[in-house]
Structure formats: C-alpha cells, structure tokens
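K.L.:
Quick one: the structure is below, and I'll ask about it shortly.
The values are calculated or read from the model by the stated rules, or taken from the named source; none is laboratory data. Just so it is clear, the model here is predicted, and its values are computed rather than measured. Positions of Cβ are generated from backbone atoms using ideal geometry, with glycine treated the same way; all protein chains shown enter the neighbour counts. What goes into the accessible areas is simple: the full protein's heavy atoms, side chains included, and nothing from ligands, DNA or RNA. Shrake-Rupley method; radii C 1.70, N 1.55, O 1.52, S 1.80 Å.
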Number of protein chains: 2
Amino acid sequence: MKVKLASNYGFCFGVKRAIKIAEDYENSATMGPLIHNQDEINRLKNDFNVGLYNNLSDVKDHDTVIIRTHGIPKNDLKHLRTLNAKIINATCPFVTTPQQIVKKMSSEGYSILIFGDSDHPEVKGVQSYAENQDDVHIVLEPTDLENIIFKNNKIATVAQTTKKKEKYLEIVNYLILKNKEVRVFNTICDATFENQDAARELSKEVDIMIVIGGKNSSNTKQLHSICLENCSNSYLIENETELENSWFLNKKLCGVTAGASTPDWIIQQVVDKIESFS
Amino acid sequence: MKVKLASNYGFCFGVKRAIKIAEDYENSATMGPLIHNQDEINRLKNDFNVGLYNNLSDVKDHDTVIIRTHGIPKNDLKHLRTLNAKIINATCPFVTTPQQIVKKMSSEGYSILIFGDSDHPEVKGVQSYAENQDDVHIVLEPTDLENIIFKNNKIATVAQTTKKKEKYLEIVNYLILKNKEVRVFNTICDATFENQDAARELSKEVDIMIVIGGKNSSNTKQLHSICLENCSNSYLIENETELENSWFLNKKLCGVTAGASTPDWIIQQVVDKIESFS
C-alpha cells in the first residue's frame with residue numbers, strides 16, 4: 001500500500017520542548033501525563049526512568065517533579081512548592097500565556113471568559129489563575145453564554161490553544177454586542193491548524209486516512225473529524241498494532257497524519273506496517 | 001394623507017443635552033455647527049442669540065464658546081483654552097468616551113483602529129486624542145485593513161457612535177485573527193439603532209416614507225437608505241418646504257421618521273403639511 005504523509009503533522013513546539021526537558025531529567029516524575037501519548041510516556045519511563053505521578057500526595061522528599069505541557073492548577077503548583085521537591089516546569093509557553101493573562105485581567109477587575117473544554121487540564125490550569133473564581137466562566141458554544149451572568153461589563157477572553165478560531169470569533173462577537181469592552185486575546189496556537197489544514201488537503205486526495213494519536217487527545221480527535229469530512233475511511237489509532245489489513249482492501253493511496261502529541265518513531269512504525277500491506 | 005410616525009425617531013440623548021446647554025447660554029457661540037440641523041441652529045440664533053463660529057480665529061475676548069455634540073480635535077480645544085474665552089463643553093458623553101479610550105490606549109502602547117468616516121468631525125476629534133498619531137488608523141471596511149501596518153500586535157478599537165455593529169464585528173474579527181490582543185470597545189450608540197429598527201419596520205407597511213434630517217447627517221442618510229430597502233418612495237428632506245404634492249398622488253399611508261438631530265417642532269410642521277395633502 002502506497003502512503004502519503006500530510007505536509008504538516010505530529011509534535012508541536014511545546015511537546016518537543018517538554019520531551020527534551022524530560023530526557024534531560026532522568027529519574028524524575030511528571031505531574032500528570034507529560035503529553036497525551038501513552039507510548040511516548042512508556043519510552044520516557046524505559047529509556048530515562050521518567051515516572052508518572054497522578055496525585056500531589058505521590059510526591060516524595062527530594063523528588064524531581066516535571067510540570068506537564070498543559071500546565072497544572074495554580075494551587076497544585078503552590079502546594080508542590082511547599083514540598084521538599086525540585087520542580088521543573090515543562091508547561092508549554094503558549095499555555096503559560098493565557099494563565100498569565102487570566103491572572104492579570106482578573107486582578108484588574110475584568111470578568112474572565114475562557115473558550116475551551118472545562119474538563120481539559122489546560123483549561124483547568126488557566127481557570128485556576130483567575131483571582132476572582134466567582135467570575136471566571138468557561139464555554140464551548142456561543143449559546144452557553146446565554147446563561148452566564150458576568151460581574152462586569154468589561155470582559156477579557158482567552159481560548160484553549162487547540163480550539164477553532166471561527167468558533168472563538170462567534171463567542172467573541174456575542175460578547176462585543178453585549179458589553180462595553182471585550183479584551184480579546186488570541187491564544188489559539190497555529191501549530192494545531194497547520195496540521196489540520198494539511199490533513200484536510202490530504203484527506204481529499206486519498207481513499208483511506210490514518211490519524212495517529214491519543215484517543216483522549218482533543219487535537220487528534222479534531223484531526224480525525226476533519227479527515228472524516230472528506231474521506232469516510234478515516235481511522236484513529238494510537239499505534240501500528242491497531243491497524244487492520246481489511247481496511248486497506250481495494251484501496252490505492254493511504255494518507256497519514258498525526259496529532260500534536262504523536263512522536264515520529266510511532267508514525268514511522270505505522271507507515272512501515274501500512275507499506276507492508278498489499 | 002394619513003401619517004404614521006415611527007415608534008422611535010429624532011433627537012438622541014446627546015443632542016437633547018447639547019440644545020439644553022445652548023439654551024442655557026444666551027449670547028454664546030458654538031464652535032462648528034452644534035448639531036447637524038440648520039433649522040435648529042437658526043432657532044437657537046433667533047431665540048437665544050447663539051451664534052456659530054467656523055474657525056478658532058473667530059473667537060473674541062470674553063466670548064462664551066460651546067463645544068458641539070460631535071466634539072472637536074484635542075489641539076483645537078487646547079488652543080481655545082489659551083484664549084480669553086469661557087468654554088462650555090456640549091460634547092456628547094458617548095463621544096467623550098471613545099476620545100478618552102483612544103487617549104488611554106495610545107498612551108499604553110496600543111495601536112489604534114477607529115471604525116468610522118475619516119471626514120466626520122466626531123472621528124477627527126476621536127482620532128486627535130491618540131498620543132501616537134502615526135499609529136492611529138481609520139477604516140470603513142474590513143478590506144481597508146489590508147493595507148494598514150500597525151506598529152504593535154496589540155490593537156485597541158473604537159467605533160464612530162452612529163456606525164453599524166455588524167460591520168464593526170467584521171472589522172474586529174479580521175483584527176483578532178491577525179493579532180495577539182484586540183481590545184474592543186463597543187462605542188456604538190443604541191439610540192441610532194432604535195431609530196433605524198423602527199424606520200425599517202414602518203417602511204415595510206407604508207407606500208411612502210419621509211425621512212427628516214440634515215442632508216449632511218450620516219445617521220439621517222442611513223435612515224433614508226434603510227427606508228429605501230423596503231419602500232422605493234422614500235424621500236430625505238430637511239423641512240416641510242421641500243415636500244412636493246406630486247409624491248403623494250395615489251398613496252394611502254405616509255410613514256415619517258427623523259434623524260437624531262431633528263427637532264420635534266420641525267417634525268410637527270412636516271406632519272401637519274403632509275396631513276393637509278389630499
């Protein structure tokens with residue numbers, strides 16, 4: 001089976017940076033999964049003895065603890081600092097930015113609106129930086145705004161780095177029509193969209209698309225949904241073991257893309273296996 | 001001829017306020033026309049001896065000078081203050097707001113974008129408050145933004161009070177996609193749109209519409225253009241002397257609306273004359 005890779009795919013700047021940091025700190029542990037990719041987390045464990053803590057109570061004296069790419073809530077970081085542990089911050093700088101914006105805007109008396117998934121660790125982290133927790137609101141849709149009562153008519157907005165700009169504009173427009181001032185910070189990261197644009201183009205010219213990435217990764221799921229729009233034979237897999245020969249029957253060209261947390265070595269294994277199919 | 005008035009029309013808050021101020025200062029003079037209505041200016045002259053200065057050099061010692069509703073450029077105000085004259089500020093508070101926003105945002109290092117007519121006195125006044133005159137830009141259309149080079153990727157925007165919100169959103173959306181921060185101040189005044197909505201509704205149910213207002217008034221011209229969309233027999237007049245009997249031949253119901261600078265006594269004269277037509 002012939003394979004064509006998307007013109008942009010895989011690791012973004014923040015993920016490359018976090019992995020490099022983890023490799024530099026052997027025998028450390030990350031606070032929460034470093035990135036949304038179990039295979040890469042396993043590799044860091046096997047090759048660099050980088051462990052995984054899921055709770056603050058896991059941290060022991062003299063541990064080296066790495067803050068993951070998506071960041072952690074402010075109070076968790078504060079608590080970590082009270083422990084006798086070395087803290088290495090691998091939060092993506094593009095995530096640190098909205099955290100700091102929310103902190104500053106909230107302290108200046110702005111109501112805060114975050115466009116994102118309230119369950120996502122990045123959003124939880126960003127939200128935690130608001131000084132007034134009663135006046136920070138998270139929405140996914142413009143209609144979610146209807147039930148929100150802001151304390152001010154001065155609103156500051158940030159977006160989860162992986163969200164779609166078009167939807168952010170819809171949300172912002174709703175706010176502008178109802179408030180005196182809306183301070184719009186465009187915190188959406190282009191890397192995600194470069195991968196998406198490339199996936200969109202490629203999915204138009206192939207008869208099967210393989211999207212490689214974590215099944216709980218929001219940017220990988222978005223890639224998959226974009227590919228499905230153009231190519232009904234689009235599959236989301238985490239690694240090459242999930243590939244099924246039957247998918248490729250009577251197909252001519254297979255497109256491959258990968259989420260922002262998918263390492264090159266996994267992509268290579270997937271490509272090798274697809275090429276081995278007749 | 002039967003007449004129906006729009007549910008909202010005529011003077012806005014800022015104009016009512018300016019006229020009250022002028023009536024309170026007999027024997028004064030306004031710096032530029034107080035409002036966009038020659039008949040009301042004549043009435044103030046006849047009844048209260050309120051004159052009109054078109055140039056700063058017209059101001060004489062001990063004059064009382066009234067700043068008009070649309071405001072004047074900062075340096076003109078500064079110059080006035082050096083003269084031996086009493087200054088009464090009748091600038092609409094809704095116009096003072098964008099002036100002060102532009103001043104503050106410019107001093108904080110924001111590039112300034114004004115949505116409005118660069119020839120309009122309100123816009124000229126607002127623009128003049130930017131501390132950095134090289135980095136204040138005026139547009140009417142999103143496409144006008146293509147050729148602008150902002151000095152910063154932090155932009156603050158205001159709109160001329162009488163502009164359309166939909167177009168403002170288009171302009172703001174363009175900016176959000178290309179800049180880190182866009183600080184959107186919604187300085188558009190609702191009074192204009194209440195008159196417009198009422199004119200739109202009324203123009204759908206009549207067979208002739210009369211729009212009363214200054215022919216150089218931007219909000220009156222917009223009312224006229226909205227009426228024309230629904231009623232091809234829509235006429236813009238400044239007072240009852242312009243009415244022509246022939247317009248009303250074979251018509252059944254005449255709608256009447258008036259721009260934000262049109263006084264009630266002029267509207268009444270127009271209504272009386274239309275009702276006298278058979």
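K.L.:
Which residue of chain B is nearest the rotation axis onto chain A, counting by its Cβ, and what is the distance in whole Å?
P.N.:
Residue of B nearest the axis onto A, distance in Å: B:Arg183, 2.
K.L.:
Let me ask another. Starting from the 7 Å offset along Cα-to-Cβ, what nm value, one decimal, do you get for the label separation of B:Asp119 and B:Glu146?
P.N.:
Result: 2.3 nm between the two label points.
K.L.:
Still on this structure, please answer the following. Using a label position 7 Å from Cα in the Cα→Cβ direction, what is the ascending list of nm distances from A:Asp264 to the same site in the other copies?
P.N.:
7.8
K.L.:
Can you give the Kirkwood hydrodynamic radius for chain A, in Å, rounded to one decimal and based on Cα pairs?
P.N.:
Result for chain A stands at 20.1 Å.
K.L.:
Quick one: divide the alpha-carbon radius of gyration of the range B:28-88 by 2.2 N^0.38 Å and tell me what you get.
P.N.:
1.06
K.L.:
Just add up the charged neighbours of B:Val256: K/R +1, D/E -1, any other residue whose Cβ is under 15 Å from the Cβ of B:Val256.
P.N.:
So the surrounding residues net to -2.
K.L.:
Let me ask you something else. Give the A-B buried accessible area in Å², both sides summed, 1.4 Å probe, nearest 100.
P.N.:
Its buried surface, counting both partners, is about 1500 Å².
K.L.:
Counting only Cα, what are the radius of gyration and maximum Cα-Cα distance Dmax of the range A:161-200, in Å?
P.N.:
Reported Rg and Dmax, both Å: 12.5, 39.
K.L.:
In whole Å, largest first, what are the principal axis extents of the Cα atoms in the range A:100-199?
P.N.:
41, 27, 20
K.L.:
What does the helix-only formula give at 222 nm for the protein assembly as shown: each DSSP H stretch with n ≥ 4 adding -39500 (n - 2.57), the total divided by the residues, and the result rounded to the nearest 500 deg cm²/dmol?
P.N.:
So the helix-based figure for the protein assembly as shown works out to -12500 deg cm²/dmol.
K.L.:
In whole angstrom, note down how far apart the Cα centers of the range B:190-233 and the range A:104-137 are.
P.N.:
44 Å
K.L.:
Here's something else I'd like to know. Quick check for you: with a 1.4 Å probe and neighbouring chains kept, what is the accessible area per residue of chain B, in Å²?
P.N.:
45 Å²
K.L.:
A further question follows. Averaged over its residues, how many other protein chain Cβ atoms are within 10 Å of peptide A:166-179's Cβ atoms?
P.N.:
Taking all residues of A:166-179 together, the mean is 4.
K.L.:
If you take each beta carbon of peptide A:185-195 and count the beta carbons of other chains within 10 angstrom, what is the mean?
P.N.:
2
K.L.:
Quick check on the range B:1-160: what are the equivalent-ellipsoid semi-axes from the Cα gyration tensor, as sqrt(5λ), descending, whole Å?
P.N.:
With the √(5λ) rule applied to the range B:1-160, the semi-axes are 31, 22, 12 Å.
K.L.:
How many Cβ atoms of partner chains, on average, are near each residue of A:110-119 if near means within 10 Å of its Cβ?
P.N.:
What the average comes to for A:110-119 is 0.
K.L.:
State, to one decimal in nm and shortest first, how far the label point of B:Leu5 sits from each corresponding label point in the other identical copies (label point: 7 angstrom along Cα-to-Cβ).
P.N.:
Going from nearest to farthest copy, the values are 7.4 nm.
K.L.:
What is the sum of charges around B:Lys45, taking Lys and Arg as +1, Asp and Glu as -1, for the other residues whose C-beta is under 13 Å from the C-beta of B:Lys45?
P.N.:
Residues close to B:Lys45 contribute a combined charge of -4.
K.L.:
Got the relative contact order for chain B handy, in percent, Cα pairs under 8 Å and 6 or more residues apart?
P.N.:
23 percent
K.L.:
How many percent of the accessible area of the range B:112-159 is carbon or sulfur, using a 1.4 Å probe?
P.N.:
Here carbon and sulfur together make up 40 percent of the probe-accessible area.
K.L.:
For Cα pairs less than 8 Å apart in space and 6+ apart in sequence, what is the mean separation divided by the residue count of the range A:47-128, i.e. the relative contact order in percent?
P.N.:
Averaging sequence separation for qualifying contacts and normalising by length gives 33 percent for the range A:47-128.
K.L.:
Please report, in debye to the nearest 20, how large the charge dipole of the range A:203-278 is about its Cα centre when each Lys and Arg carries +1 at its beta carbon and each Asp and Glu carries -1 there.
P.N.:
So the dipole magnitude of the range A:203-278 works out to roughly 180 debye.
K.L.:
Need one number for the range B:143-278: average projected area of the convex hull over its C-alpha atoms, nm².
P.N.:
9.6 nm²
K.L.:
Shifting gears a bit: Express the relative contact order of the range B:1-155 as a whole percentage, based on alpha carbon pairs under 8 Å and six or more residues apart in sequence.
P.N.:
Computed over the range B:1-155, the figure is 19 percent.
K.L.:
What FRET efficiency comes out for the pair B:Gln38/A:Glu194, r = Cβ-Cβ distance, R0 = 45 Å, nearest 0.05?
P.N.:
The computed FRET efficiency comes out at 0.15.
K.L.:
Using only the Cα atoms of the range B:192-252, build the gyration tensor, take square roots of its eigenvalues as a ≥ b ≥ c, and label the shape rounded, prolate or oblate: rounded if a/c is under 1.5, else prolate if a/b is larger than b/c, else oblate.
P.N.:
Oblate shape, in that a/c is at least 1.5 and b/c is the bigger or equal ratio.
K.L.:
Can I ask one more? Net charge near B:Thr64, counting Lys/Arg +1 and Asp/Glu -1 over other residues with Cβ under 10 Å of its Cβ?
P.N.:
Surrounding charge for B:Thr64 is -1.
K.L.:
Something else about it: If you put +1 on each Lys and Arg Cβ and -1 on each Asp and Glu Cβ, how big is the dipole of the protein assembly as shown around its Cα centre, in Debye rounded to 20?
P.N.:
The calculation lands at about 720 debye.
K.L.:
Considering only protein heavy atoms and a 1.4 Å probe, what is the carbon-and-sulfur percentage of the accessible area of the range B:43-83?
P.N.:
Here it works out to 43 percent.
K.L.:
Still on this structure: Could you give log10 I(q)/I(0) at q = 0.18, 0.20 Å⁻¹ for the range A:127-169, computed by the Debye formula over C-alpha point scatterers of equal weight, without solvent?
P.N.:
Computed log10 I(q)/I(0) values: -0.60, -0.74.
K.L.:
Put a point 7 Å out from Cα along the line to Cβ at A:His79; what are the distances to that point in the other copies, in nm, shortest first?
P.N.:
For A:His79, the other copies' label points sit at 6.6 nm, shortest first.
K.L.:
Build a GNM of chain B with springs between Cα atoms under 10 Å: which of B:Glu131, B:Glu23, B:Glu242 gets the top mean-square fluctuation?
P.N.:
Looking only at B:Glu131, B:Glu23, B:Glu242, the biggest GNM fluctuation is shown by B:Glu242.
K.L.:
Still on this structure, I have one more. Kirkwood Rh over Cα pairs of the range A:81-152 into Stokes-Einstein at 25 °C, 0.890 mPa s: D in µm²/s?
P.N.:
Roughly 184 µm²/s, to the nearest whole number.
K.L.:
Would you kindly work out the equivalent ellipsoid of the protein assembly as shown from its C-alpha gyration tensor and give its semi-axes, the square roots of five times the eigenvalues, largest first in whole Å?
P.N.:
Equivalent ellipsoid of the protein assembly as shown: 61, 30, 18 Å, largest first.
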